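Accompanying notes for the structure given below.
The values are calculated or read from the model by the stated rules, or taken from the named source; none is laboratory data. These numbers were taken from a predicted model, which means no experiment stands behind them. No Cβ is skipped: glycine too gets one built from the backbone with ideal geometry, and neighbour counts run over all protein chains shown.
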Amino acid sequence: MKYKDFYGFPNPLATREEKMEKAYGLQYMKQMYREWENDGAGVNLMSTRNQRYKRYREYAEGMQSVDQYKELVGANGDSSYLNLNWEVVPIIPKFVDVIVGGLTNQDYTIKCTAIDPTSVDKKNQDKFDALTKMRMKDFAYEAAALTGLPLDEGFDNLPENKEELDLYMELNYKQSVEIAMEQGIELTMYLNDFEEIKKRIIRDLVVLNIGVAKTGVENGKITVRYVDPKNFVCSHSSDPDFKNMEYAGEIIYVTIHDLKRMAGDQFTEEEYEKIALSVLGKHGNPAKLSLSSINYNGYEVSEYDTYKLALLDGVFKCTDSMNYEKKNNRYGGFSVNKKDSNYKPPKSPRYKREQMKSHVEMIYKGKWICGTDFIFDYGIAENIVRPKSNLSKALMPYAVYAPNIINMNNKGMVERMIPFADQIQLAHLKIQHLISKVKPQGSAIELGAIENVGKGDGGTFTPIEVQDIYQQTGNLYYRLQMDDGRAGNPNPITELRGGIGGALQELIAIYQYNLQMIRDVTGINEVRDASQPNKESLVGVQKMALLASNNATRWLNQAFLSITKKLAKSVALRVQDLVSYSGPYKGYVQAIGEYNMKAIEVTKDVTLADFGIMIEPLPDEEEKALLEQNIQASIQQKELRIEDSIMIRNIKNIKLANQMLVLRRKQYQKELKEMALANSQANAQQQQMSIQAKAQVEAQAKQMDIQAEIEKMKAEFEMKENFAQAEHKRKLLELEYQGNIKSEHISLSQDDSDLVRTKIK
């Protein structure tokens, strides 16, 4: 069946049933291949691209053909007489290795952040709860002290202020679903040896200016693999990340024996023979079909099983219209059932029926044997990656990035260097040629002037003798007049200068000029490649030069991180899907290990969450050194504690590490001020207590003096009182004595009877 062409492609509005037919997939795959085989102007894009990529890779390895230089160096294209070392000067390999090494050494970490409304609400609620506890902290401690009850959980190790809380939420806050997903991605990348994939992708970005990788699921395991760009085909895209790809695939070369293992009984033996016939004379295969048997890797197989063929393993995206029936029931409810594309509701149903449609993106996959009508493994792709925020969308399994692409063309680092590298190679060869032509210093001798030179004794010198005398003594004997009367040469011996002269300096200047041009077009200066370190240069100047060089290649690092981010996003979605289905999930658990899967098993919400993926570059050595310098300065100035410095060094994000440094410095300064104030108050209190104690002692001493004085006065008073009493008694006795005498006198003046009574008394 031939579907209506839409620029060569089958009808995109065909029903799902039509799209599921092999004829639809065959037509689509043929057109995919045709777009790369012919761009409409008779140019084979695939062949042209592969030739370019082959050339770039040869230059990147220093293995380009030297024939182009032979034609330029030799006379009339003939270099056979030249005795030169044609080995290529490895200028481009050096620069490629410097760039690739720098990008490969850049470490990073993959961060997952749940961005679905439920997860965001939980994060905000947790932050609000922490803020509430911060405000109630003092009250909680007082209540615990008064009641004697233990402090509620969660009041320990709370942030001191909102600034510290914000930093804590950035550094340490992780929901269980985020932890689960980060661990799932990390484990998947490790199992697929992503470090090796990383090196190959980065090298492709430097050499070819494009990087490609693919994710999938095989036997319940998530796969991540490298894709060679020279085998990659895709729909036209104007975006460097190819986010609008409609189709993509790989041209791979296999034997018919490999094909039988891949397709199995999807083809008969007769069909395999037809496939063998279609590749005769291609890909290094013989021109005539042989049906004889041979031993192939220990197995008896047909000879044509060793024939090679090109296979297009591709996928394409279509929007399918899905039919559903909404059927009411007698209970007032309804059910929704999936129907085929031709479904129409009955005209007079017992209960109301309604047709419903939805549009869903689907990924179709298949493997087409190029140049034939054979296709296998065709159908809807398994494990289609869909974002949880929009399940109607489907993501292509390929992660691609081509920086600065315009009309599917771009220029990479190696292509920029090639013209100047060719000139360097030519200069190198010409320097060799020039050196090979160097002649020693000699003399030009006119033999006529030194022939028959007389010795003075009638004999003559031979020319050789004259030359020897000249070389040994510096004296030259010659004839100024010939025998025939002609004048001789006044300078019969002329010195001929040897050496290279100024030509060598000119070639060296050409060499250096082109080398500098390579540095200019790549941004790799002498500091970056360590080819010309200047000991006299200031450290700051060298750092600025290194920073400038790193900035010149930063776009390549961004390209790799974009590919990694796509891969991580795809892996995250596939992990979610595997958790949802017990069969594949069990296989995945067995592959990774039960213990390592605990983080994913702890929550079922992982299947519902929508994740934002961020690739966070880890600090390089220069950034670490600068951070360490700031830490040491803060410690020396007593602005930071040792334990704070340890915590700061463990923060991988350099921006957050610096924020934590500032925060801890402020907090420590605040604590020091509070401690100083407390000490000052304590000292003042101590001084006050000392003054009070001294005053008390002085008061006690004074009181004791007063008491002693009182006791002394009291003793003196008592003594005086005793003396007065004694004196009083004495006086009383004296008075009594005097009174007795007086009484006796008075009694004598009375009548005798009274006197007698008085006396008697």
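All of (1) part of a helix (DSSP H, G or I); (2) crowded, with 16+ Cβ neighbours inside 10 Å; (3) at pLDDT 70 or above hold for LEU640 with one exception: (1). If I filter segment 368-378 for residues that are of a type outside the set (Gly, Ala, Ser) and at positive phi, do I get at least one hit? For segment 368-378, residues of a type outside the set (Gly, Ala, Ser) and at positive phi: present. Name the residues in segment 27-71 that are among the acidic types (Asp, Glu) and either touching a Phe, Trp or Tyr at 6+ places or on another chain (Cβ under 9 Å) or not in a loop (DSSP other than H, G, I, E, B) (or both), would you? Scanning segment 27-71 gives GLU35, GLU37, GLU58, ASP67, GLU71. Which pairs have Cβ atoms under 8 Å, sit 6 or more apart or on different chains, and link a residue in segment 275-294 that is at positive phi to one that is assigned to a loop (DSSP other than H, G, I, E, B)? Between residues of segment 275-294 that are at positive phi and residues that are assigned to a loop (DSSP other than H, G, I, E, B), the close pairs are GLY281/ALA287; HIS283/TYR307.
Selection of segment 393-407 for residues being surrounded by fewer than 15 Cβ atoms within 10 Å (Cβ to Cβ) and either within 23 Å of VAL96 (Cα to Cα) or modelled with pLDDT of 85 or more (or both) yields LYS393, ASN404. Here ASN452 passes the criteria (1) modelled with pLDDT under 75; (2) in contact with a Ser or Thr (Cβ under 7 Å, 6 or more places away or on another chain); (3) within 30 Å of THR553 (Cα to Cα) except the one numbered (3).
Kindly establish whether ARG16 is over 23 Å from MET417 (Cα atoms), out of contact with any Lys or Arg (no Cβ under 7 Å at 6 or more places or on another chain) and modelled with pLDDT of 85 or more. In short, yes. With the structure loaded, tell me whether TYR272 is out of contact with any Leu (no Cβ under 8 Å at 6 or more places or on another chain), modelled with pLDDT of 90 or more and not polar (S, T, N, Q) or whether it fails that test. Criteria not met by TYR272. Restricting attention to segment 13-26, the residues that are under 40 Å from the mean Cα position of the chain (by Cα) and either among the aliphatic types (A, V, I, L, M) or not in a helix (DSSP H, G or I) (or both) add up to 0. Inside segment 94-124, residues that are of a type in the set (S, T, N, Q) and modelled with pLDDT of 70 or more make up a count of 5.
Against the conditions (1) crowded, with 16+ Cβ neighbours inside 10 Å; (2) out of contact with any strand residue (DSSP E or B) (no Cβ under 7 Å at 6 or more places or on another chain); (3) among the small types (Gly, Ala, Ser); (4) at pLDDT below 75, GLY593 satisfies every one except (1).
Where residues in segment 307-326 are hydroxyl-bearing (Ser, Thr, Tyr) and without any contact (Cβ under 8 Å) to a residue 60 or more places away in the chain, which of them is nearest to LYS393 (Cα to Cα)? Within segment 307-326, the match that is nearest to LYS393 (Cα to Cα) is TYR324. Quick one: would you say ILE197 is closer than 29 Å to ILE92 by Cα, crowded, with 19+ Cβ neighbours inside 10 Å, modelled with pLDDT of 90 or more and in contact with a strand residue (DSSP E or B) (Cβ under 8 Å, 6 or more places away or on another chain)? So ILE197 passes the test.
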